[in-house]
Amino acid sequence: MKKVITYGTFDLFHEGHYNLLKRAKALGDYLIVGVTTEYYDLQRGKLNVVDSIVDRIENVKKTGLADEIIVEDHEGQKQEDIQKMNVDVFTVGSDWIGVFDYLKELCEVIYLERTPEISSSILRAHKYPIVQMGMIGSGRIAPRFLAEAKYVSGVNVRAVYNPNEKSARKFGRIHEVEPYFGSFADFLSEVDAIYIASPHETHYEYARMAIEAGRHVLCEKPLTFTVREARDLYELAKERGVVLMEGIKTAYCPGFIQMMNVAKSGRIGEVRDVEACFSRITAPELREMRDWEFGGAFLEFGSYTLLPIFKLFGSQYESVEFDSILAENGVDLYTKIHFRYKDGLALSKTGIGVKSEGQLVIAGTKGYILAESPWWLTKSFVVRYEDPGRIERYSPKFLGDGLRYEIADFVSKINGGNRMGYCLTQEESVAMAGVVERFMENRVHRAGHLAAAQ
Ligand code: CTP
């Protein structure tokens, strides 16, 4: 019996898939079809798959062509399957020519002619019109956002807004996006969704105006400075039927999600302590260092360090205490925040003028998780136990600088999917605004003391 194997995502099952399976089946007597998991697709950069794996398997099954359907979930699996299942022929479409030649040492490799002018990507684009996005702000993060958005299908960044005409024009020229600087309403009328990457203190107002105009909003952290403002925005978004998402990129990275799930799985017992640190020595001329009111270490990096704390312990802490080292101008150079929960403790450390080990330690009753810097991109983490010889290592794949996962999640939510709604819940985002609010109150108080002392 001649065994043939083929693999694919088979999203929005189409004629090209059917033809491929039919021709694959004709190459032998028994056809095995591997369907990729969502996790594996994410890992290999396919970020906008629409159908669930159950639907995709069901659609392959319905063709009646597959004698066996298996799930493909990791790199290197093809070699394993071919050997384990005594496969004679491996086949895929001609878009992959050459890519799988390395399998020739295990079996025959055949590239079948691809059906022209049809693909899942084309269907996705038809099903969901391309989301036209505009960016507010043309600072350091804006070019990174543009570059990362290119890896996400279904979205196009077409305009940039900056009230400063010169900056808007300069950015528009360099990055080939249309610059807007005058009327904000004109800018909004050109796009379906906006990404807010302007100075922190402008987030709320821009987000509110955009939501009121019926635009979806992806807003850089921190979303707002008060709980009331955060709640207002989420309520308004619900009322207007648009997506509002806080852009804490770590929350959307597959590796971080996996690490949180391992922590919650009981593997390290009950979680009792979370310590998260993020520091970057920052040049004195930069906004973070100069702006005592809206700059500083905590407002810059605190969303990252609060994230694992709220993910693992929730937002109902019993007490919170802030401590900062302030610069002469009142900017916090280093901030420690202690949380006490009913059954646990947590510490957030952020620095722009103090350098520390940027690690995340999640301590439990049976063991602990250690993620080294840059844990906020989560490319690896280890689980360790009392027995120092017992170490479990995880190396999740991570593509680009992480923003693409956040953008993909945003686009998928706009298109009605809520697949990853758990990445950052509204409750978590509002709870973070609560910490920001208390921090700001605290800082105003401390800065008052500072001024009085001078
Ligand atoms: N295929 C084909 N003809 C097409 C589209 C796909 O023969 N018009 C083949 C691919 O070469 C692959 C299999 O079908 O062997 C599964 O492909 P998959 O990646 O799931 O589908 P695509 O439509 O290519 O998906 P995408 O647009 O997301 O890349």
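We did not get these values from a lab; they are worked out from the coordinates using the rules stated. Since the model is a prediction, treat every value here as computed from it, not as a measurement. Here the Cβ is made from the backbone with ideal geometry for all residues, glycine too, and neighbour counts use every protein chain on show.
Observations on the structure shown:
- Base-10 log of normalised Debye intensity for segment 2-49 (one unit scatterer per alpha-carbon) at q = 0.24 Å⁻¹: -0.87
- Centroid-to-centroid separation of segment 178-224 and segment 227-258 [C-alpha atoms, Å]: 14 Å
- Largest-first principal axis extents, alpha carbons of segment 235-289, Å: 43, 42, 20
- R0 of 51 Å, Cβ-Cβ distance M1-H175: FRET efficiency to nearest 0.05: 0.35
- Exposure proxy order (Cβ contacts within 10 Å, fewest to most) of I352, I97, I32, I130: I97, I130, I32, I352
- Along the axis of the charge dipole computed for segment 147-254 (Cβ charges of +1 for Lys and Arg, -1 for Asp and Glu, origin at the Cα centre), the listed residues V155, L236, L188 are led at the positive end by V155.
- A cut-off of 5 Å between modelled amide H atoms, ignoring neighbours fewer than 5 places along the same chain, links V155 with V131.
- Taking amide H as placed 1.01 Å from N in the peptide plane, the amide H of G358 sits under 5 Å from that of S373, each at least 5 places away or on another chain.
- Shape summary of the chain, radius of gyration then Dmax from alpha carbon positions: 24.9, 89 Å.
- Approximate spin-label separation Y422-E328, in nm, with each point projected 7 Å along Cα-to-Cβ: 5.1 nm
- Above-threshold pairs, the threshold being 22 Å between Cα atoms, out of K2/K78; K46/K264; K84/K104; K127/K311: K46/K264; K127/K311
- Which of A251, A297, C277, positive extreme of dipole for segment 244-306 (C-beta unit charges): A251
- Calculated mean residue ellipticity, 222 nm, the chain: -11000 deg cm²/dmol, from DSSP H runs (n ≥ 4) at -39500 (n - 2.57) each, averaged per residue and rounded to 500.
- Euclidean distance of C-alpha centroids, segment 1-22 and segment 120-155, integer Å: 29 Å
- Helical segments meeting 18 Å axial Cα length and Kyte-Doolittle 1.0 threshold in the chain (DSSP H): 297-313
- Under 15 Å from the R290 label point (7 Å along Cα→beta-carbon), backbone N, segment 173-205: 199-200
- Table column - 3J(HN,Hα) (Hz), segment 364-369, Karplus curve with 6.51, -1.76, 1.60, x for Gly and Pro: x, 6, 10, x, 9, 10
- Put a plus charge on the Cβ of each Lys and Arg, a minus charge on the Cβ of each Asp and Glu, and nothing anywhere else: the dipole of segment 1-123 about its Cα centre is then about 280 debye.
- Options G344, Y405, A363, ranked by Cα towards positive dipole end of the chain, top entry (Cβ charges): Y405
- Fully extending the segment from E58 to D186 would add 41.5 nm, taking 0.36 nm per residue of separation and subtracting the current Cα-Cα distance.
- The fewest-to-most ranking of E275, E246, E293 by surrounding Cβ atoms within 10 Å reads E293, E275, E246.
- Between M135 and A159, V160, Y161, Y195, the built amide H atoms are under 5 Å apart, and every one of these is 5 or more places off in sequence or on another chain.
- Ranked list, fewest to most other Cβ atoms within 10 Å of each Cβ, for E441, E288, E406: E441, E288, E406
- By the compact-protein rule of thumb, 2.2 N^0.38 Å, the alpha-carbon radius of gyration of segment 260-359 corresponds to a ratio of 1.16.
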